[in-house]
Amino acid sequence: MTHEEILSMLGDYVDYLIANSSAEAPMWNIEKVRSGKPNKWNYIDGCMITACLSLYKTTGDEKYLEFSKEFIDYFVQPDGSIKTYDPKEYNLDNVNQGKNLFILYDIYGDEKYRKAIDTIRSQLLTQPRTKEGNFWHKDIYPDQVWLDGLYMGMPFYAACLTENGEDNWDDILDQFTSAHKLLWDEQLGLYRHANDCSRKMEWADPVTGQSPVVWLRAEGWFLMALADTYEIAKDRTPRAGELCPLLKNALDRLLPYQVADTGMFLQVVDRADLTGNYSETSGSAMVAYALMKGARLGMLPPEYGEKGSRVLDGIRDTYLKKGEQGWELHGICASAGLGPGPDNRTDRTGTPEYYLSEKQMVDNQHGAAACMMAVSEQLRRA
């Protein structure tokens, strides 16, 4: 597609989302809106605001910035406190939104953003860790490392080190190295979703602690974490280069699983034999983003950027459809996790069947945000 065609299609889709969303009732989290529960500070909105700010930086269109500021300002109070956020929950998911505060602070200079950054930073200072040195994913998931958590926490952590002039880069790089050891399946050549370092959870392998399934979105979170953290760290620590082979090796082992007719990847990556397995939008968009951004940053050979662009084109061709209200993005896994979680679920057993049982959604934030970020990278190439 030409630069103009991408912008036109993207503009129509994002305009529709923004016009029908507010901090109290974001359209991309329609399940929460329909439940009647008030919206909270969360990683889901963080991904969407990251996507909007990325598009602002790429296109210069002020509507993306204005929407982002209005959304964040609903939560961030003048004293730096954040409505509904409690650092003592020790939930890495809630750290993700924090990286957007750096951009707003740089643009507007409002001290409330600086104070809010410090509020979130306070969580990481006392976040519980595994014996290997990795942050627990959440306080309710003790001794567990999830691929998701590397994306939720590490780019914000890296931005804090940069902003404060701290020299604690070894901690970040060591956590990536440790996560690789904990979650990489050498025989399969892919990453498992999570590791219970205590080996107590039913889903954990008694020897390795790994969960049993390669979930596409989990791989995507990790790939994006590598690219985003490297972008911040590359001029500040020589160890940043350690992230490059991790990214290239992960992608080189993942790309053979690309689905021929869609150009995407499966929800359960390595199980094309499973009935009901499907090309999934959010994880595929994350792979596309990592391929294009990795190539742009020099982490990957230039031709990997074209590979990413083709994945994104496959998503458009397969799942971007014209509905009654405008463009709709289909094929998005609503969510997935392991263990009871806050809702005391009994079905999150980590089996392939579980990951395929989670609902497929339209315009869900995971897919919409990842596609918007990938489009932003594609526009840089156009």
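Only the coordinates and a few stated rules stand behind these numbers; no lab work does. None of the values given here were measured: they were computed from a predicted structure. Reconstructed Cβ throughout: ideal geometry from the backbone, glycine too, with neighbour counts over all protein chains shown.
Within the stretch 204-223, if we keep just the residues that are polar (S, T, N, Q) and either within 16 Å of the chain's Cα centre (by Cα) or part of a loop (DSSP other than H, G, I, E, B) (or both), the residue that is nearest to TYR151 (Cα to Cα) turns out to be SER211.
Within the stretch 23-57, track down each residue that is β-branched (Val, Ile, Thr) and buried (at least 18 other Cβ atoms within 10 Å of the Cβ). Passing the criteria: ILE44, ILE49, THR50.
Just checking, does the stretch 340-355 include any residue being within 20 Å of VAL33 (Cβ to Cβ), touching an Asp or Glu at 6+ places or on another chain (Cβ under 9 Å) and touching a residue at least 60 places away in the same chain (Cβ under 8 Å)? No - not one qualifying residue is present in the stretch 340-355. Can you tell me which residues in the stretch 249-260 are within 20 Å of LEU182 (Cβ to Cβ) and not small (Gly, Ala, Ser)? Selection gives ASN249, LEU251, ARG253, LEU254.
For ARG271, are the conditions met, namely being over 24 Å from LEU246 (Cα atoms) and either part of a loop (DSSP other than H, G, I, E, B) or out of contact with any strand residue (DSSP E or B) (no Cβ under 8 Å at 6 or more places or on another chain) (or both)? Against the criterion (over 24 Å from LEU246 (Cα atoms) and either part of a loop (DSSP other than H, G, I, E, B) or out of contact with any strand residue (DSSP E or B) (no Cβ under 8 Å at 6 or more places or on another chain) (or both)), ARG271 does not qualify.
Would a scan of the stretch 290-297 turn up a residue that is in contact with a strand residue (DSSP E or B) (Cβ under 9 Å, 6 or more places away or on another chain) and surrounded by fewer than 21 Cβ atoms within 10 Å (Cβ to Cβ)? No, there is no match, as no residue in the stretch 290-297 is in contact with a strand residue (DSSP E or B) (Cβ under 9 Å, 6 or more places away or on another chain) and surrounded by fewer than 21 Cβ atoms within 10 Å (Cβ to Cβ). Within the stretch 345-368, the set of residues being crowded, with 19+ Cβ neighbours inside 10 Å and under 17 Å from SER284 (Cα atoms) comprises TYR355, LEU356, MET361, ASP363, ASN364, GLN365, HIS366, GLY367, ALA368. Does any residue of the stretch 14-30 turn out to be over 14 Å from ALA369 (Cα atoms), among the charged types (D, E, K, R) and in a helix (DSSP H, G or I)? Within the stretch 14-30, none of the residues are over 14 Å from ALA369 (Cα atoms), among the charged types (D, E, K, R) and in a helix (DSSP H, G or I). Checking the stated criteria, LEU182 turns out not to satisfy the condition of being in contact (Cβ under 8 Å) with a residue 24 or more places away in the chain, under 20 Å from ASN249 (Cα atoms) and in contact with a Phe, Trp or Tyr (Cβ under 7 Å, 6 or more places away or on another chain). Screening the stretch 92-203 for helices (runs of 4 or more DSSP H) wholly inside it with 1 or more residues that are among the β-branched types (Val, Ile, Thr) and either farther than 22 Å from ILE82 by Cβ or in contact with a strand residue (DSSP E or B) (Cβ under 8 Å, 6 or more places away or on another chain) (or both) returns the ranges 111-126, 169-183.
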